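The values are calculated or read from the model by the stated rules, or taken from the named source; none is laboratory data. The structure presented is a predicted model; accordingly, all values stated were derived computationally and were not measured. Every residue, glycine as well, gets a Cβ built from its backbone with ideal geometry; the counts of neighbours run over all protein chains shown. These area figures cover heavy atoms from the full protein model, side chains too; ligands, DNA and RNA do not enter into them. Shrake-Rupley method; radii C 1.70, N 1.55, O 1.52, S 1.80 Å.
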Amino acid sequence: MSDPEGAADAHVLVARAGAVGGAVGGITLARPRALNALTLPMCEAIAAALLEWRADPAIALVLIDHAGERGFCAGGDVAAVRRSVLEDGGAAGRAFFHTEYRMNHLLFTHPAPVVTVMDGVTMGGGVGLALPARYRIATENTLFAMPEGAIGLFPDVGAPFHLGRLPGRIGAFLALTGARLDGAECLWAGLATHYLAAATLAEAKARMLAEPERIAAILAELATPPPLARLERNAERIARLFAPERVEDILSALAADPSDWAAKEWKAVSAGCPFTAKVALRLLAMGAAEAAFAAEMAREYAVATRMIARPDFAEGVRAVLVDKDRSPRWQPATAAEVDDAEIEAILAPLPPGEGWTPAI
């Protein structure tokens, strides 16, 4: 990109480049040592650029990529959110989610087509940057997951809206197991729109910058056949064993299946936060039926503000990111012990004046 405009945070590079067919707005995540994990200033910078460009009729394309070789975006900075819960009652954490969800909504509603390059780790907040885009590029380096169950949070950033629409209970499988998909699996599941070899990305970006009106044609010309999607081989099992609406019944179905695959996924579901699993299934069902993405974001914000205040969140982040002992002590310890009334309270709208509002 040329003609850099700068950004509110050095970890996001924002630029606008002219082209024959229209201008291109470029956003590059530039926090590679942290796998480009999103901070509040990064979300603010991205949201500001998207707001500016939606008012510019010359913008024909928004291109989101990343610096570094290891990953697109590993998620949000949940360690900072945990510190906020412990130090200021979660005020800074709530501000982060409010701004991040505004960014997600701006991407979803942007008048110009958005292209996201999911080359490498794409998890949590990175998924929130990718799935609202019209064009989502996967490569042989893509590693896609929503692992929030491991930290006592829940699949957010619009994931219930997007994953809830996937066929064959793939959304429930991803939400409850935190399974990591490669690029071929992302394409097969519909999470990516195109599969390109990583070696062709530089050419793809250069051609899109030069001819933003030919995005679809350029990606089609450079796309390469992916390898067999491993997920496809287990599609029938996923549709059958993750069909129940209750976590307990999914665990029972997995336990009753004699396959090694089912045993492995039973362990994955059992290791996650039981409360998160219950919330995730409810949100997926609600997200699948939700027509308005803004309403989805408002619901997720209400849930996020309450989930970070629960002891499971602080404990999950401690176990995964702070002490790294991978031995969280969930409260309650099993899905059967979760109080349905508490789930309903978590899902309830926030009082007037406390809820999420879009930037536009």
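For segment 38-110 and segment 215-235, what is the separation of their Cα centres, given in Å? For segment 38-110 versus segment 215-235, the Cα centre distance is 28 Å.
Pairs of Cα atoms in segment 102-189 fall into 10 Å distance bins, from 0 up to the last occupied one, in shares of 18, 53, 28, 1 percent.
Rg and Dmax over the alpha-carbon atoms of segment 62-117 stand at 14.3, 40 Å. Here the simple spin-label model places points 7 Å from the Cα toward Cβ, and for Ala336 and Ala80 these points are separated by 4.2 nm. Say the dipole of the chain comes from +1 at the beta carbon of Lys and Arg and -1 at that of Asp and Glu; which of Pro225, Thr177, Thr334 then lies farthest toward its positive end? Of Pro225, Thr177, Thr334, it is Pro225.
Between Val117, Ala23, Pro351, the Cα set farthest toward the positive side of the dipole of the chain (charges on each charged residue's Cβ, about the Cα centre) is that of Val117. The string of couplings for segment 158-164 from the Karplus curve (6.51, -1.76, 1.60, θ = phi - 60°) is x, 4, x, 5, 7, 5, x Hz, one whole number per residue in order, with x for Gly and Pro. Across segment 56-71, coupling constants 3J(HN,Hα) worked out from phi with the 6.51/-1.76/1.60 Karplus curve, θ = phi - 60°, read 9, x, 6, 6, 9, 6, 10, 10, 10, 9, 8, 8, x, 10, 8, x Hz, and Gly and Pro carry x. Per the Debye calculation on segment 18-154 with a single equal scatterer at every Cα and no solvent contribution, log₁₀ I(q)/I(0) for q = 0.16, 0.19, 0.22 Å⁻¹ amounts to -0.81, -1.09, -1.37.
Solvent-accessible surface of the chain, taken per residue with a 1.4 Å probe and all protein chains present: 40 Å². Here the accessible area is traced with a 1.4 Å probe on the protein chains. For the chain, carbon and sulfur cover 56 percent of it. In this simple spin-label model, placing a label point 7 Å from the Cα along the Cα-to-Cβ direction at both Ala359 and Ala216 gives a separation of 2.7 nm. Between Leu51 and Asp325, how many nm apart are label points set 7 Å from Cα along the C-beta direction? If labels sit at Leu51 and Asp325, their model points lie 4.4 nm apart. Could you tell me the calculated FRET efficiency between Glu248 and Ala92, based on Cβ-Cβ distance and R0 = 41 angstrom, to the nearest 0.05? According to the calculation, E is roughly 0.70.
Which shape class, rounded, prolate or oblate, goes with segment 15-94 when its Cα gyration tensor gives a ≥ b ≥ c as root eigenvalues, a/c under 1.5 marks rounded, and past that a/b bigger than b/c marks prolate? Write out the running numbers ahead of the final one.
On the way: a/c = 4.80, a/b = 1.85, b/c = 2.59.
Note, shape of segment 15-94 comes out oblate.
Each Lys and Arg Cβ is given +1 and each Asp and Glu Cβ -1; about its Cα centre, the chain then shows a dipole of about 340 debye.
When the alpha carbon coordinates of segment 72-221 are projected onto the principal axes, the ranges are 51, 32, 26 Å, largest first.
Please give the FRET efficiency for Thr224 paired with Ile343, using the beta carbon to beta carbon distance and R0 = 41 Å, rounded to the nearest 0.05.
Values: r = 44 Å, r/R0 = 1.08.
It comes to 0.40.
How are the Cα pair distances of segment 228-298 distributed, in percent, across 10 Å bins from 0? Cα pair-distance distribution for segment 228-298, in percent: 18, 43, 29, 10, 0. Kirkwood hydrodynamic radius of segment 245-360, from the reciprocal of the average inverse Cα-Cα distance over all distinct pairs: 15.9 Å. Ordering Leu241, Ala210, His194 by Cα displacement along the dipole of segment 193-294 toward the positive end leaves Leu241 in first place; charges were set at the Cβ atoms of Lys, Arg (+1) and Asp, Glu (-1). Largest to smallest in accessible area, the residues Lys324, Lys264 fall in the order Lys324, Lys264 (1.4 Å probe, all protein chains included). Residue by residue, segment 232-239 carries 3J(HN,Hα) couplings of 4, 5, 10, 4, 5, 4, 4, 4 Hz when phi is fed to the Karplus relation 6.51 cos²θ - 1.76 cosθ + 1.60 (θ = phi - 60°); x denotes Gly or Pro.
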